[in-house]
Amino acid sequence: MPETTADHDALSLDAHADLETVLAAWHSATLRLEQTHAALSEEVRRLTDELEIKNRELARKNRLADLGQMASHVAHEVRNNLVPVTLYLSLLRRRISGDVGSLDVLDKITAGFTALDVMVNDLLNFTSDRDPQFQTFPLRKLVEDVYAALAPQLAAQHIQLETDVPKEQFLTADQHMLRRAMLNLVINALDAMPEGGTLTVTSYCGPQGVDLEVADSGPGLSDEALHRAFEPFFTTKRTGTGLGLAIVSRIAEVHGGEALAVNCPEGGAAFTLRIPHVAVQEAAA
């Protein structure tokens with residue numbers, strides 16, 4: 001049967017419809033491929049950035065490990081030599097007990113050796129690689145113990161204390177390490193308020209862990225200090241080792257947590273020691 005004009009038109013329409021379908025499918029597939037390519041490119045960029053950050057962090061930890069070994073060796077050697085010198089100073093003090101002028105000079109020498117002993121202790125605490133000894137203890141009691149240890153300095157500087165740490169709050173961690181970290185944070189806050197101010201200690205128990213924050217009413221931190229606060233040997237003080245906050249950060253890390261520094265909106269700076277629950281549970285298991 002001969003093909004009619006109507007049949008030819010119908011075939012043309014079908015062919016045109018099929019071509020449109022193919023083009024639409026091709027266009028849709030092309031869009032999907034472009035979206036997939038964009039998503040993959042973004043993921044590659046993100047992973048590359050993360051890898052760069054991890055590599056920098058690994059390099060930093062390797063440098064700190066080397067530094068720690070050297071510092072530990074130096075600290076032990078210095079401490080071994082400090083012990084007999086301290087003994088000789090004590091003997092010398094007895095011999096010149098009646099000479100006021102000589103005693104004054106001896107006091108200055110003793111103060112210098114005391115500062116050196118503090119530096120050695122900081123180095124040894126910083127390089128200590130022992131694992132935390134976990135126990136459960138009341139956090140408020142630890143805070144009050146630190147207050148008692150620093151009572152003369154708190155009184156001399158006219159520091160007002162504000163504490164928001166519930167008495168019923170307990171923490172599972174290394175109590176000795178946490179006391180050392182808390183002591184360093186409070187001393188750091190006191191250094192920021194030589195003419196007096198308010199020391200605020202708060203704790204928060206959230207789903208991820210316990211945050212212990214120490215805030216001062218001092219001048220706050222510069223951008224550089226915020227960025228480098230926990231770097232070993234970085235300090236804005238005329239005296240000091242620059243290891244106090246580095247020790248706090250190290251204690252947080254061995255507990256699986258972190259140390260944070262921010263400027264408070266109302267003025268002053270706040271340092272937070274964060275101890276995660278999961279790290280405590282895994283370590284205690």
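The values are calculated or read from the model by the stated rules, or taken from the named source; none is laboratory data. Since the model is a prediction, treat every value here as computed from it, not as a measurement. No Cβ is skipped: glycine too gets one built from the backbone with ideal geometry, and neighbour counts run over all protein chains shown.
Data for the structure
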{"read-out": "Identity of the residue in the stretch 152-185, in a helix (DSSP H, G or I) and of a type in the set (S, T, N, Q), that ends up surrounded by the fewest Cβ atoms within 10 Å (Cβ to Cβ)", "value": "153"}
{"read-out": "Residue in the stretch 140-151 that is within 17 Å of residue 275 (Cα to Cα), of a type in the set (A, V, I, L, M, F, W, C), surrounded by 12 or more Cβ atoms within 10 Å (Cβ to Cβ) and touching a residue at least 40 places away in the same chain (Cβ under 8 Å) present", "value": "yes"}
{"read-out": "Hits in the stretch 186-210 - residues which are charged (D, E, K, R) and surrounded by fewer than 16 Cβ atoms within 10 Å (Cβ to Cβ)", "value": "195"}
{"read-out": "Test: residue in the stretch 227-234 that is over 18 Å from residue 257 (Cβ atoms), touching a Gly at 6+ places or on another chain (Cβ under 6 Å) and in the same structural domain as residue 174 (by TED's automatic domain parsing)", "value": "yes"}
{"read-out": "Unmet criterion (only one of (1) out of contact with any Asp or Glu (no Cβ under 7 Å at 6 or more places or on another chain); (2) surrounded by 11 or more Cβ atoms within 10 Å (Cβ to Cβ)) for residue 88", "value": "(2)"}
{"read-out": "Single residue of the stretch 110-134 satisfying the filter (at pLDDT 80 or above and within 19 Å of residue 248 (Cα to Cα)) that is surrounded by the fewest Cβ atoms within 10 Å (Cβ to Cβ)", "value": "131"}
{"read-out": "So residue 94, is it out of contact with any strand residue (DSSP E or B) (no Cβ under 7 Å at 6 or more places or on another chain), of a type in the set (D, E, K, R) and within 24 Å of residue 271 (Cα to Cα)", "value": "no"}
{"read-out": "Matching residues in the stretch 49-73 - criterion: being at pLDDT 75 or above and of a type in the set (A, V, I, L, M)", "value": "51, 53, 58, 59"}
{"read-out": "Only listed residue being over 23 Å from residue 273 (Cβ atoms), under 37 Å from the mean Cα position of the chain (by Cα) and of a type outside the set (Asp, Glu), chosen from 116, 103, 124", "value": "116"}
{"read-out": "Test for residue 228: is it out of contact with any helix residue (DSSP H, G or I) (no Cβ under 9 Å at 6 or more places or on another chain), under 26 Å from residue 120 (Cβ atoms) and basic (Lys, Arg)", "value": "yes"}
{"read-out": "Restricting the stretch 230-239 to residues that are in contact (Cβ under 8 Å) with a residue 40 or more places away in the chain and within 22 Å of residue 199 (Cα to Cα), the residue that is surrounded by the most Cβ atoms within 10 Å (Cβ to Cβ)", "value": "237"}
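A quick yes/no check of all residues on (1) buried (at least 20 other Cβ atoms within 10 Å of the Cβ); (2) over 15 Å from residue 189 (Cα atoms); (3) in contact (Cβ under 8 Å) with a residue 40 or more places away in the chain; (4) aromatic (Phe, Trp, Tyr):
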site	(1), (2), (3), (4)
214	yes, no, yes, no
220	no, no, yes, no
225	no, no, no, no
243	yes, no, yes, no
248	yes, no, yes, no
